[in-house]
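Data block below; observations after.
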Amino acid sequence: MRPDSNKNKGYTERVEAQARSWVVYLNSGYATADKLAEFETWLAANADHAQAFHDYEQIMMDLGLPCGVPERALGGRVETALQTHAAPKRSFSPIRAVAGGVMAAALVLAATVGVSLHERPSTVENLQAAALPAIETQVAEIRAVTLPDGTVVTLGARSRIEYKFEDGLRTVALEEGEAFFDVAPDKSHPFYVQAGDRLVRVVGTQFDVRQSSSSVMVSVVEGVVEVIKARNPEATEKRHGTLVKDVLTAGDKVTAMIGQDQRQIETIDPEKAASWRSGWLAYDDVSLDDIVADLHRYDDRNFVFSDSALGEVRVTAAFGSDNVDQFLFALEASYPLLIDRADPSKVVFLPAS
């Protein structure tokens, strides 16, 4: 089902686009308290906002997707305006969903790597030159591994790393995909991550690194991280004091374009920097092209754009990595595109007619 033309609805295309984004975001299960407050302000600003939100919420319900305005957003002020008569509302609280997801993720992660975290040394002494075979994951596989120095690396789906220790440095090369690092502290042996044409330097901290075909993204959960445009850890370490670098702390994220000096630094919620570890994929104003790059790592179907311009569509969404089809239904209902799934091995994105 596609949204009807808004010519007779009384609200503008801009309001329609805003409502579409809010419906997708609020029904993602990943809404934050700050975003809920922002939604309440937007909703109360104009009656057209409530009507547009209602129209797109109805589309979601007609598709059979979980839907319902967050309980906190009702507050008695807009309940009548948003009441849906065609289908019963389902109780939905993004705040509870987020809290539950974080707790579940913590329990799963503790069960997976708790022993190695507890037993690993706080410092690394007399570590001999060492190299490991490449470690890689398959489609939809997430794996936690403990390196010889005690560092714990959680590898995302379809990702690959190589590790070596020599010349006083600990180095991991992220050759593709995404990885979360909980680095064992050792000031005498800096830890480097190579990704694209960027080096990430730390001595002990927690951060996430994602490499796509065009960019490297680094999100910091704890500690201090340096991101440097360079490829050689040994040469970089020798000139460390004189090099230009982005210094990030907890809650910082940098997106650096490969082959360019261009980069963007923004603030994020550090607790949600690597939600994929618990099977949750979340995006805030991200290009569909980047999202599809992730889908290729969690779904073995071939995702194809019939028009490359569709890859530039900006999307805000969150969904379980095992619920890709639910995301596709919501995407088709909320954005100006169509999705062809006639071939079980392929998903084709088409411009809306």
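The values are calculated or read from the model by the stated rules, or taken from the named source; none is laboratory data. Computed from a predicted model, the values in this text were never measured in an experiment. Positions of Cβ are generated from backbone atoms using ideal geometry, with glycine treated the same way; all protein chains shown enter the neighbour counts. Ligands, DNA and RNA are excluded from the accessible area calculation, which covers all protein heavy atoms including side chains. Shrake-Rupley method; radii C 1.70, N 1.55, O 1.52, S 1.80 Å.
Scanning the range 272-286 for residues that are assigned to a helix (DSSP H, G or I) and of a type in the set (Ser, Thr, Tyr) returns SER275, SER278. Taken as a whole, the range 231-250 holds at least one residue that is out of contact with any Gly (no Cβ under 7 Å at 6 or more places or on another chain), touching a residue at least 12 places away in the same chain (Cβ under 8 Å), part of a helix (DSSP H, G or I) and among the charged types (D, E, K, R). Within the range 148-185, the residues that satisfy the criterion of being open to solvent by less than 10 Å² (accessible area, probe 1.4 Å) and assigned to a loop (DSSP other than H, G, I, E, B) are ASP149, GLY150, THR151, GLY156, ALA157, SER159, VAL183, ALA184. In a residue-by-residue description of the range 287-303, the property of being within 17 Å of the chain's Cα centre (by Cα), outside any strand (DSSP E or B), over 30 Å from VAL202 (Cα atoms) and of a type in the set (A, V, I, L, M, F, W, C) applies to at least one position. Could you list, in sequence order, the residues of the range 211-233 that are open to solvent by 30 Å² or more (accessible area, probe 1.4 Å), over 21 Å from the mean Cα position of the chain (by Cα) and more than 24 Å from GLY251 (Cβ to Cβ)? Listed by number, the residues that qualify are ARG231, ASN232.
For the range 151-178, give me each residue that is small (Gly, Ala, Ser) and touching a strand residue (DSSP E or B) at 6+ places or on another chain (Cβ under 9 Å). If the condition is that a residue be small (Gly, Ala, Ser) and touching a strand residue (DSSP E or B) at 6+ places or on another chain (Cβ under 9 Å), then GLY156, ALA157, SER159, ALA173, GLY177 are the ones that fit.
From GLN264, GLN326, grab the single residue that is open to solvent by 60 Å² or more (accessible area, probe 1.4 Å), in a helix (DSSP H, G or I) and either of a type in the set (S, T, N, Q) or in contact with a Phe, Trp or Tyr (Cβ under 9 Å, 6 or more places away or on another chain) (or both).
Working: GLN264 fails: in a helix (DSSP H, G or I).
Residue meeting the stated conditions: GLN326.
Restricting attention to the range 304-323 and to residues that are outside any helix (DSSP H, G or I) and in contact with a helix residue (DSSP H, G or I) (Cβ under 6 Å, 6 or more places away or on another chain), the residue that is modelled with the highest pLDDT turns out to be PHE305.
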